[in-house]
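Take a look at the structure set out below.
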Amino acid sequence: MVERAPKLAVLIDADNTSAAIADGLMVEVAKLGEASLRRAYGDYSGTGASGWNKDVLGRHAIQAHHQYPYTRQKNATDIAMVIDAMDLLHSGRFDGFCLVSSDSDFTPLAARIRAEGVDVYGIGRTTSPESFRQACSRFIFTENLRTAGDGEAAMPPRGKPEDAAPLLTQAIAEMEEDSEGWYHLGQVGQILNNLSPEFDARSYGFAKLSDLVNAIGTFEIRRGTDYVRMRPVQTPKPEARTPAKPKSRTRRKANPKKTAD
């Protein structure tokens, strides 16, 4: 029997998120589960959500939720999104939520949803506050979702491959190894996300975790499988010493005694 994909509610803060990532966003959500509900909240009468036009919304079957700003510089859109999220949570229809925003105001919402045992996937910019990132089950940077032709540059790698080595070593230390020290890479990835919700191989310039692991150099992946282990330390063999040649003893010839005149 084919396992059912998790049903996800995708809630987009259109006032706080660029529509340029719409294509990459929906591709990423498809990796997480089925986007059963798709809503974009914003003030469509002004410039806040103007990028989320009918072409973008229609292409991805996203429902626009318009919210007037009753008072300037107030977060009416955020409140409307939070109210809907709580109603959807209590309906019991969804296995997870995708909160697409870079706003710290959604930190309590993410924490509340997780407290109910429901996964929360935060999707926002690298400038998103740490409180929001840590409140999510997993946090995905929108800069990693850039696609060709979306009009915005992709994020350059945030670090070198070896920068990820300490976290990977810590994740492996949390697991039980087999008799030869191998660990399942998929389980390593789950622990990595638990340790750091924002961990992503793409942030280091690699599309897959296995590629990142290979590039680090201190780990090895068993060929044809998804198992990884620390690369065994090769102890150098002692160099064979050639026996020293015995020193040849040469006898000095005695000087003939000088005879007196």
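The values are calculated or read from the model by the stated rules, or taken from the named source; none is laboratory data. Here the structure is a predicted model, which means the values were calculated and not measured. Using ideal geometry, Cβ is built from the backbone for each residue, glycine included, and neighbour counts are taken over all protein chains shown.
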Original post:
Looking only at the range 190-208, which residues are surrounded by 16 or more Cβ atoms within 10 Å (Cβ to Cβ) and closer than 18 Å to residue 162 by Cβ?
Top reply: 192, 196, 199, 200, 201, 202, 203, 204, 205, 206
Original post:
Taking the condition among the aliphatic types (A, V, I, L, M) and part of a loop (DSSP other than H, G, I, E, B), does residue 22 pass?
Top reply: no
Original post:
Can you spot a residue in the range 3-15 that is within 18 Å of residue 202 (Cβ to Cβ), assigned by TED's automatic domain parsing to the domain that holds residue 96 and either without any contact (Cβ under 8 Å) to a residue 24 or more places away in the chain or buried (at least 21 other Cβ atoms within 10 Å of the Cβ) (or both)?
Top reply: no
Original post:
Hey, residue 70 hits all of (1) buried (at least 17 other Cβ atoms within 10 Å of the Cβ); (2) at pLDDT below 75; (3) over 17 Å from residue 17 (Cα atoms) but one; which does it fall short on?
Top reply: (1)
Subject >> Top-ranked residue of the range 32-63 - restricted to ones that are farther than 19 Å from residue 84 by Cα and among the basic types (Lys, Arg), ranked as modelled with the lowest pLDDT >> reply: 54
Original post:
Can you find even one residue in the range 223-239 that is at pLDDT below 85 and among the aliphatic types (A, V, I, L, M)?
Top reply: yes
Subject >> When residues of the range 142-196 are limited to those that are within 20 Å of residue 28 (Cα to Cα) and of a type in the set (Ser, Thr, Tyr), the one modelled with the highest pLDDT >> reply: 142
Original post:
Taking the range 42-56 as the search range and keeping residues that are under 12 Å from residue 68 (Cβ atoms) and hydroxyl-bearing (Ser, Thr, Tyr), which one is nearest to the chain's Cα centre (by Cα)?
Top reply: 44
Original post:
Going by the structure shown, is residue 87 touching a Lys or Arg at 6+ places or on another chain (Cβ under 7 Å), farther than 18 Å from residue 16 by Cβ, assigned by TED's automatic domain parsing to the domain that holds residue 16 and modelled with pLDDT of 95 or more?
Top reply: no
Subject >> Filter pass, residue 115 being in the same structural domain as residue 18 (by TED's automatic domain parsing) and either closer than 26 Å to residue 202 by Cβ or at pLDDT below 95 (or both) >> reply: no
Original post:
Could you say whether any residue in the range 34-53 is in a helix (DSSP H, G or I) and either in the same structural domain as residue 139 (by TED's automatic domain parsing) or out of contact with any strand residue (DSSP E or B) (no Cβ under 7 Å at 6 or more places or on another chain) (or both)?
Top reply: no
Original post:
Counting just the residues of the range 202-223 that are free of Cβ contacts under 8 Å to residues at least 12 places away in the same chain and not charged (D, E, K, R), which one comes out farthest from residue 122 (Cα to Cα)?
Top reply: 214
